[in-house]
Amino acid sequence: MKNIIIVGAGFFGAVIAERIANDLNLPVTIIDKRKHIGGNSWSETDSETGIEIHKYGSHIFHTSNEDVWKYICRFAAWNEYRHKVLTTCNGEVYTMPVNLGTINQYYHRAMAPETAKNFILAEIRKENITDPQNLEEKAVSMLGRPLYQAFFHGYTKKQWEKDPKELSPEIITRLPVRFNYNYRYFSDKYEGIPLNGYETVFRKMLCHKNIDLKLNTDFKEYKKCLESESLIIYTGAIDEYFNYRLGRLEWRTLDFKLEKHPYHDIQGTAVMNYADEEIPFTRIHEFKHYHPERKDKLKETIIFKEYSRFASIGDDPYYPVLTLNNVLLLKAYQQLASGKKNIIFGGRLGSYKYLDMDDTIAEALSCYKKRICPLVNP
Ligand code: UDP
């Protein structure tokens with residue numbers, strides 16, 4: 001039987017470790033170079049204020065996948081939080097994603113759903129885009145040029161530092177356009193924030209006698225003492241694993257500027273986006289709003305201003321940059337990876353995919369069933 005090593009204790013690694021430990025009743029080692037589990041989904045409580053902070057930016061769990069929901073509910077109870085996002089654009093505050101309220105406010109109209117739909121259709125037709133090839137064309141073909149220009153062009157340039165014409169259209173299809181006043185950010189069946197924080201979720205997943213958890217452990221060092229037959233599940237960046245031998249995949253990283261304020265509530269909502277290109281940050285997170293069941297007890301507030309930039313070696317990668325060049329380079333790395341029988345790449349970083357938490361769990365459950373079980377228990 002092979003020694004099993006999981007590199008990275010985010011959702012992908014934690015799900016696989018939990019399955020191997022519980023379902024196969026086999027020992028597994030999971031290492032992480034950070035001092036905490038949970039990857040970028042980690043949250044922790046600020047000891048001064050008692051406010052739970054999502055250390056790597058807002059993480060709202062949402063899914064319509066019944067299997068994923070059933071699975072994750074074994075480790076967490078959820079609150080009733082429903083995500084709503086506002087965006088400040090040219091001195092006014094609008095609701096996001098674009099809905100009837102956004103449209104009417106932007107055009108100073110009071111259109112009913114059908115009228116608005118026809119109005120936006122007329123805007124879309126002006127551009128005559130039949131087969132959108134990039135983010136800009138896709139967005140314009142969904143809502144017309146003026147709304148794209150106001151809410152997406154500047155934000156996207158700040159977020160990705162690329163011309164939106166270079167980016168994949170699928171980035172923008174994450175957001176719906178609605179001709180009603182539903183301005184919930186997500187359209188999924190299940191949504192919420194863990195009542196006791198993400199910290200508790202990961203602890204429950206990884207607290208098992210079969211799981212040997214090693215924090216502050218870098219794979220580069222750790223691999224020196226690995227047996228050659230070990231099975232490795234690697235959830236770090238795939239280009240880093242291969243020492244950037246074919247070139248570097250582009251990643252976006254985020255910097256967060258933390259501010260504590262002696263007010264009960266500073267922005268009135270969990271996330272305010274800033275659409276204007278001149279404002280250097282993309283959004284502000286005010287974490288206490290994620291726990292409406294807790295917030296009245298807290299007198300202060302904490303916000304994170306989010307700044308996006310290209311990741312250099314040593315920075316935490318957050319977002320794969322979905323341009324043609326990066327996708328081609330990824331294919332070349334995947335080709336290299338396919339020659340390695342004892343290593344499986346997964347998670348947002350290992351697969352260079354823009355996965356949400358639920359997608360990551362779904363991919364991990366499927367990888368466990370289809371790839372790991374047959375290898376470990378043939
Ligand atoms: N986006 C935008 N304006 C907004 C919100 C999103 O232009 O107010 C675009 C931007 O390109 C972003 C993409 O839509 O990268 C996906 O947004 P989402 O909120 O899903 O991004 P995430 O929360 O994963 O950073």
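Taking Lys and Arg as +1 and Asp and Glu as -1, the other residues whose beta-carbon sits under 15 Å from that of Lys162 total -2.
Using the rule -39500 (n - 2.57) for each DSSP H run of four or more residues, divided by the residues of the chain, the 222 nm mean residue ellipticity is -8000 deg cm²/dmol. Under a model in which nothing but the beta-carbon of Lys, Arg (+1) and Asp, Glu (-1) is charged, segment 59-111 shows a dipole of about 40 debye around its Cα centre. Per atom type, the chain shows carbon and sulfur on 50% of its accessible surface, probed at 1.4 Å. Phi angles of segment 99-104 translate, via the Karplus equation with coefficients 6.51, -1.76, 1.60 and θ = phi - 60°, into HN-Hα couplings of 9, 4, x, 4, 5, 5 Hz per residue; Gly and Pro are given as x.
The 3J(HN,Hα) values that the Karplus relation (6.51, -1.76, 1.60; θ = phi - 60°) gives for segment 367-374 are, in residue order, 5, 4, 5, 8, 10, 7, 4, x Hz. Gly and Pro appear as x.
Are any of the pairs Lys35/Lys340; Lys224/Lys369; Lys33/Lys204; Lys33/Lys157 more than 24 Å apart by Cα-Cα distance, and if so, which? Too far apart for the 24 Å limit: Lys35/Lys340; Lys224/Lys369; Lys33/Lys157.
Counting charges near Leu215 (Lys, Arg +1; Asp, Glu -1) among other residues having Cβ under 10 Å from its Cβ returns a value of +3. Loop-resident GluC sites (Glu not before Pro) (DSSP state other than H, G, I, E or B) in segment 125-159 with no more than 16 further Cβ atoms inside 10 Å of their Cβ: Glu127.
Counted over the chain, the DSSP beta bridges are approximately 65% antiparallel.
Averaged over residues, the count of other Cβ atoms within 10 Å places the peptides 12-23, 66-77 in the sequence 12-23, 66-77, highest first. Considering only Leu147, Leu100, Asn134, and ranking their Cα positions along the charge dipole of segment 85-154 that arises from unit charges at the beta-carbon of Lys, Arg, Asp and Glu, the one farthest toward the positive end is Leu100. Each Cα pair under 8 Å and six or more residues apart adds its separation to the average, and for the chain the resulting relative contact order is 27 percent. The stretch between Lys260 and Ala112, if pulled fully straight at 0.36 nm per residue, gains 49.1 nm over its current Cα-Cα span. Placing unit charges on the Cβ atoms only, positive for Lys and Arg and negative for Asp and Glu, gives the chain a dipole magnitude near 720 debye about its Cα centre. Considering only Arg294, Arg174, Arg348, the mean-square fluctuation computed in a Gaussian network model of the chain, springs between alpha carbons under 10 angstrom, is largest for Arg174.
Label-to-label distance for Thr200 and Leu324 is 5.0 nm, based on points extended 7 Å past Cα in the beta-carbon direction.
On a per residue basis, the convex hull of the C-alpha atoms belonging to segment 205-259 measures out at 171 Å³. Computed from backbone phi with θ = phi - 60° and the Karplus coefficients 6.51, -1.76 and 1.60, the 3J(HN,Hα) list for segment 71-84 is 5, 6, 5, 5, 10, 8, 9, 10, 8, 9, 4, 10, 6, 9 Hz; x is used for glycine and proline. When both segment 24-88 and segment 108-176 are represented by their alpha-carbon centers, they are found 31 Å apart. With a cut-off of 18 Å on the backbone N, the residues of segment 1-20 near the modelled label site 7 Å out from Asn216 along Cα-Cβ are 8-9. Projecting the Cα atoms of Tyr290, Met357, Ile266 onto the charge dipole of the chain (Cβ charges, centred on the Cα centre) puts Met357 farthest toward the positive pole. Compared with the dominant Cα axis of the chain, that is its longest principal axis, helix 324-338 is turned about 20°. For the chain, the Cα gyration tensor yields ellipsoid semi-axes of 37, 26, 19 Å (square root of five times each eigenvalue, largest first, whole Å). Placing +1 on the Cβ of every Lys and Arg and -1 on the Cβ of every Asp and Glu, with no other charges, gives segment 29-124 a dipole of roughly 180 debye about its Cα centre.
Report the net charge of residues surrounding Gly347, where surrounding means a beta-carbon distance below 15 angstrom and charges are Lys +1, Arg +1, Asp -1, Glu -1. So the environment of Gly347 carries a net charge of -3.
The values are calculated or read from the model by the stated rules, or taken from the named source; none is laboratory data. Predicted model, so just to flag it, every value in this text is computed and none were measured. No Cβ is skipped: glycine too gets one built from the backbone with ideal geometry, and neighbour counts run over all protein chains shown. Only protein heavy atoms, including side chains, enter the accessible area calculation; ligands, DNA and RNA are left aside. Shrake-Rupley method; radii C 1.70, N 1.55, O 1.52, S 1.80 Å.
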